[in-house]
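Asks: This is the structure, below, for whatever I ask next.
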Amino acid sequence: MSDSIYHEIVTGWREDDRARFSSAQFEFHESTGSTNDDLLEKLRRGEAGPFHLIVADSQTKGRGRRGDRWEGGDGRNLLFSLALQLGPEREKWSRLPHVAAYVVGSAVESILPPGNQIAAKWPNDLFGDGRKMAGILVETTLTPQPFAVVGIGLNVNLRLADLPPELHDISTSLYEVLGCESNRWFVLGLILQGFLREYPNIDTNFTDILDWIAPRDFLAGKNLRVVTGNKTIEGYAIGTGKGGELLVRDADNHVHHIISAEKIEVC
Ligand code: BTN
């Protein structure tokens, strides 16, 4: 099963992309606890390296940010975790969620009809038609080597009708926006090629990534209440800073550079 999915993913790829992603770097599980947990464990044991990918059809302990759960199964969506080797400059690690949002967002946009834009909500949710289509959870392990695990849940062929009514206004899928099914492995192939090409160059291309995000910024211009550490900041979002931080201008015209937030309320 794993082997046939691998071949479907890399069909039509350029040789140089294929050379950096072999079948030994790929694992598929019908069900697992969490692909992020599985990959973190493998990396800690030294059994996985750069661009190792774990995909599952369903998760029993799938994790989202802030303790949310992400289990979504039925083999209709994409749930996966990808290992990215971290460089020595820690201040650049906070760029990763934005790189992931860019890579996933541009893969999705390449399937949508021209003019259909995805919105990116800081730090790393992707929205289609104002509702959440994908979530990204970036975690790190420092031993034996520093790696990030980028965990992504992308609703591909999910039907809103299969979700509880309370989620209808806040969730969506590629299927719901496009009006027809997409091949999950083709979509995953696009995303992986994006990481293989963009990640090694993030020192030089991060400005382009921020330029891609700016017109798609879900929060820009909106009034926010942001809880970060022991502070609550109120103001309106003015975009993403050079290091990937959320910029919020308060009533005194002071611009706050927010690196992480426990809660963001859009007022
Ligand atoms: C969020 O929006 O809160 C982030 C959701 C991230 C979910 C993905 S699914 C694959 C990977 N494994 C996990 O346990 N979580 C991430």
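Here, each number is a calculation from the coordinates, and none is a lab measurement. All values reported here derive from a predicted model rather than from experimental measurement. Cβ sites come from the backbone with ideal geometry, for glycine too, and all protein chains shown count toward neighbours.
Asks: List the aspartates and glutamates whose alpha-carbon lies under 18 Å from that of LYS231, not counting same-chain residues fewer than 8 positions away?
Replies: Within reach: GLU245, ASP250, ASP252, GLU262, GLU265.
Asks: Using the Cα centre of the chain as the reference point, and only Cβ charges (+1 on K/R, -1 on D/E), how large is the resulting charge dipole? Debye, rounded to the nearest 20.
Replies: Approximately 440 debye in magnitude.
Asks: Sticking with this one: Can you pull out the trypsin sites (Lys or Arg not before Pro) in region 167-267 that DSSP calls coil and that have at most 16 other Cβ atoms within 10 Å?
Replies: Loop-located and lightly packed - LYS222, LYS242.
Asks: No solvent, one uniform scatterer per C-alpha: report log10 I(q)/I(0) for the chain via the Debye equation at q = 0.07, 0.16 1/Å, two decimals.
Replies: Listed by q, the Debye log ratios stand at -0.24, -1.33.
Asks: OK, next. Relative contact order (percent) for the chain, with alpha-carbon contacts under 8 angstrom and 6 or more residues of separation?
Replies: For the chain, the relative contact order is 16 percent.
Asks: At 222 nm, what value in deg cm²/dmol follows for the chain if DSSP H runs of at least 4 each add -39500 (n - 2.57) and the sum is divided by all its residues, to the nearest 500?
Replies: Per the formula, -8000 deg cm²/dmol.
Asks: Output the Kirkwood hydrodynamic radius of region 194-267, Cα pairs only, in Å rounded to one decimal.
Replies: By the Kirkwood definition, the hydrodynamic radius is 13.3 Å.
Asks: Hey, another quick one. Say the dipole of the chain comes from +1 at the beta carbon of Lys and Arg and -1 at that of Asp and Glu; which of LEU246, CYS180, THR204 then lies farthest toward its positive end?
Replies: Among LEU246, CYS180, THR204, the one farthest towards the positive end of the dipole of the chain is LEU246.
Asks: What's the longest bit of the chain with no exposed GluC sites (Glu not before Pro), using DSSP loop states and at most 15 other Cβ atoms within 10 Å as the test?
Replies: Of all site-free stretches, the longest is 90-180.
Asks: Which whole-angstrom value gives the distance between the alpha carbon centres of region 37-69 and region 148-192?
Replies: Between the Cα centres of region 37-69 and region 148-192 lies a distance of 19 Å.
Asks: Which entries in the list LYS61/LYS132; LYS61/LYS222; LYS42/LYS121; LYS61/LYS242 go over 32 Å, if you measure between the two C-alpha atoms of each?
Replies: Violating the 32 Å Cα-Cα cut-off are LYS61/LYS222; LYS61/LYS242.
Asks: Shifting gears a bit: Taking the convex hull of the alpha carbon atoms in region 20-112, what volume per residue do you get, in Å³?
Replies: Spread over its residues, the Cα hull of region 20-112 gives 138 Å³ apiece.
Asks: Here's another thing I want to ask about it. How much length, in nm to one decimal, is gained on full extension between ARG14 and ASP252, taken as 0.36 nm per residue of separation minus their Cα-Cα distance?
Replies: 80.5 nm
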